Each structure stands twice: as C-alpha cells, then as structure tokens.
Amino acid sequence: MSVAVEKSKEMVLKAGSRMAYAGLVTGTWGNISVRVPGTNLYVVTPSGISYDRLVKSDLVIVEGGGRVIEGERKPSTELKLHLAIYHAREDVMAIMHTHSTFASAMAVAGQPLPPILEDLAQLVGGQVPVTRYARAGTPNLAAAVIEVLGQSNAVLLANHGVVGMGRTLEEALQVCMVVEKAAQVYAWASLLGQVKEIPEGEASLLRDLYLTSYGQPKHSPPARS
Ligand SMILES: [Zn+2]
C-alpha cells in the first residue's frame, strides 16, 4: 500500500487514542475514518476493539462502495454512515463518531445545538442538527444523517451520539470536542434560565473567517519553543 495509506493509518491510530483520552467514548464504541487523499479509499477503525489496544494491522481499508481492500478485521458497524457522508460532501476528509455524554443528552432531548459559542460557530457553522431516530449501524441511520447534514460539520444522532467531520482528522476531533463542550454549556445555561444564541448572521461570518484566515500562514517559519 502507498505512503498516503500508511500515513492515514498512523493518523487514525493517533486520533483514536486522543478520542479515548478525551473521554468522548466508552469501551469500544465510537469509530473513525479518513479519506486517503487523491483516492477512492478509506481507512476505517475495526468493529469492537478498544482504542488503547488498536494497532495498524487492525485498521481496515475499504473502497467507496464499502468493499474491503485490505485488513483482516471487520470494519466498523457504522461504515455505511461514514461512506454516505463522504459521498454527500467532497470537502469532508475525516469523520469521527462518538457517544459523548452531553451531546448524547441533546440527542436524547431531540434538541438541535444552536450556535451559542464562537468556537462552535467557527468549526461547525450554524446549528448542529439532530436526526430522526434510526437504529445504529443501519442504512436508515446513514439516510437520516444525510437528510439533515447540509453543510454542517456535526450531526446529533437521536438517542445515540454525535458524528463530527472536517478537512482533517485533527479538525474532526476538534469538532467532536467542541460540540461536547458546547452541549455541556447549553445544559448549564438552560439551568441558569436562558440560552442566548450568537446573533443571526454572525455565526456564519465567524465560520467564513475561520475558513479564510484562522491559524498560521502556510509558509510561516517554524515556531520556537
Ligand atoms: Zn454509535
């Protein structure tokens, strides 16, 4: 397999341990995938192996139709969901699905997460939509996500969890972490009596600014410690 595939596998392993360390998943739940740049190949985590034990050879490579190209393990049960998102959104290069607590609470309440914090607005854009109920691991869940996805970088899965995505796996991880934090803040603000959203229009402006001017310029000198 190519250097790009090997690099993608390393990124998935690193993101898996960071996802588990961040407390976004419990046990073997949750899954990760990346699109191998310039190909129709995807590196996907296997079903039912905990993230602290995951090694490169456990990862599965599939093509866009879901056929396994490399790997002995069975791919994640949410493979259909991941592939449906990649097909719907060419800008998405990585996907992470977690069962984090506060995002799951929003998903149980059937409550979309409005743009209430600037980091959420930057990473996701507008509100994080919530799907209708659909059983985990089914094509019906993939369809339910595509129904509400639009240009959002995150979707709450009714009675289940959250799926986050981005231009890189690092960004997909950040999306999952920021959605979890915002869901927690939403719950606390609700207890305080009111939730004020970022004014209309401002959330999409913050998103545009993030996409066009956030971070270091591409050719900046290496940072000194
Ligand atoms: Zn799940």
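For Asp52 paired with Thr26, estimate the spin-label separation in nm (one decimal), with each label point 7 Å from Cα along the Cα-to-Cβ line.
The modelled label-to-label distance comes out at 1.6 nm.
What's the angle, to the nearest 10 degrees (0 to 90), between helix 139-149's Cα axis and the longest principal axis of the chain?
40 degrees
Under the rule of -39500 (n - 2.57) per DSSP H run of 4 or more residues, summed and divided by the residues of the chain, what mean residue ellipticity at 222 nm is obtained, to the nearest 500 deg cm²/dmol?
-13000 deg cm²/dmol
At 37 °C and 0.692 mPa s, what whole-number value in µm²/s does Stokes-Einstein give for the translational diffusion of region 107-160, with Rh from the Kirkwood sum over Cα pairs?
289 µm²/s
Return the subset of Lys56/Lys181; Lys74/Lys181; Lys80/Lys196; Lys9/Lys80 for which the Cα-Cα distance in this structure is over 28 Å, preserving the input order.
Lys56/Lys181; Lys74/Lys181; Lys80/Lys196
Would you please put 112-118, 88-94 in order of how densely packed they are, using the mean number of other Cβ atoms within 10 angstrom per residue and starting with the highest?
The densest-packed peptide leads the list: 112-118, 88-94.
Highest mean first, what order results for 153-162, 78-87 on Cβ atoms within 10 Å?
Per-residue mean Cβ counts within 10 Å order the peptides as 153-162, 78-87.
Coordinate-derived values only; no laboratory data. This is a predicted model, so every value here is computed, not measured. Note that each Cβ is placed from the backbone with ideal geometry, even for glycine, and that neighbours are counted across all protein chains shown.
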